[in-house]
Amino acid sequence: MTTTPGHLAVIDMQRVFAEPDSPWATPRFAEAAAGVRRLLPAFGERATFTRFVAPEKPTGAWRAYYEQWPFALQPPDAPLWELTDEFAARARHLVDAPTFGKWTPELTERVGPTGRLVLAGVSTDCCVLSTALAAADAGVEVLVVADACAGVDDDSHAKALHVMDLYRPLIRVVTVAEAIGETS
């Protein structure tokens, strides 16, 4: 196995998406987590974890969003926003954002203007998609690791992967094995 150049962004592997009783539970979270576990050793320090967090005071269309999801209007240190235990211990680099897309100035700096961004996490059809499109628009090569992502349901996951793959060569959908350069 060889490491693939690039920077891994692990999107929103948080309790709010992992816990089955959460309104935002991602049914295949555990499968995405298994893919992330396989990716992490290949990237080492070149990995950033992200967290979706609510803003202190929603503005614009976000007001209506939080009217629909009032449970989520909690401060960044609330338990629902924590990374799951497994990933909290591994998150040396963490980026918080009150937006779906995590292509923030902090992540941009870690990846570099002409780098490669490897995306994994949840949910494929929301935060992963939003991050991939923004990074691709910025001119960064994006690899979305299909078997290290999970959507709100299988159909939405598959559709999001299909849409992102339409952006080739800016965005490519790959497997964990392809992302870390396994040849077997």
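Applied to segment 100-115, the Karplus parametrisation 6.51 cos²θ - 1.76 cosθ + 1.60 on θ = phi - 60° returns per-residue 3J(HN,Hα) values of 5, x, 10, 7, 8, x, 5, 5, 4, 5, 5, 7, x, x, 10, x Hz, with x for Gly and Pro. Note on the chain: with neighbouring protein chains present and a 1.4 Å probe, carbon and sulfur make up 56 percent of its accessible heavy-atom surface. Solvent-accessible surface of segment 123-162, averaged per residue with a 1.4 angstrom probe and all protein chains in place: 35 square angstrom.
Using a simple spin-label model with pseudo-atoms 7 Å out from Cα toward Cβ, Thr114 and Asp165 lie 3.0 nm apart. Note on the chain: helix-only mean residue ellipticity at 222 nm, from DSSP H runs of 4+ residues weighted -39500 (n - 2.57) and normalised by residue number, equals -9000 deg cm²/dmol.
Summing Lys, Arg as +1 and Asp, Glu as -1, what charge do residues with Cβ under 12 Å from the Cβ of Thr50 carry, Thr50 excluded? For residues surrounding Thr50, the net value is 0. Counting 0.36 nm for each residue step from Thr99 to Ala64 and taking away their Cα separation leaves a gain of 11.2 nm. At what distance in nm do the modelled label points of Asp77 and Arg37 sit from each other, each positioned 7 Å from its Cα along Cα→Cβ? My value for the distance between the label points is 3.1 nm.
The label-point distance for Asp153 and Ala88, in a model that sets each label 7 Å from Cα toward Cβ, rounds to 3.2 nm.
The values are calculated or read from the model by the stated rules, or taken from the named source; none is laboratory data. On a predicted model such as this, the values are computed, not experimentally measured, just so you know. Cβ atoms come from the backbone with ideal geometry, glycine included; neighbour counts cover every protein chain shown. SASA here: full protein model, heavy atoms, side chains in, ligands and nucleic acids out. Shrake-Rupley method; radii C 1.70, N 1.55, O 1.52, S 1.80 Å.
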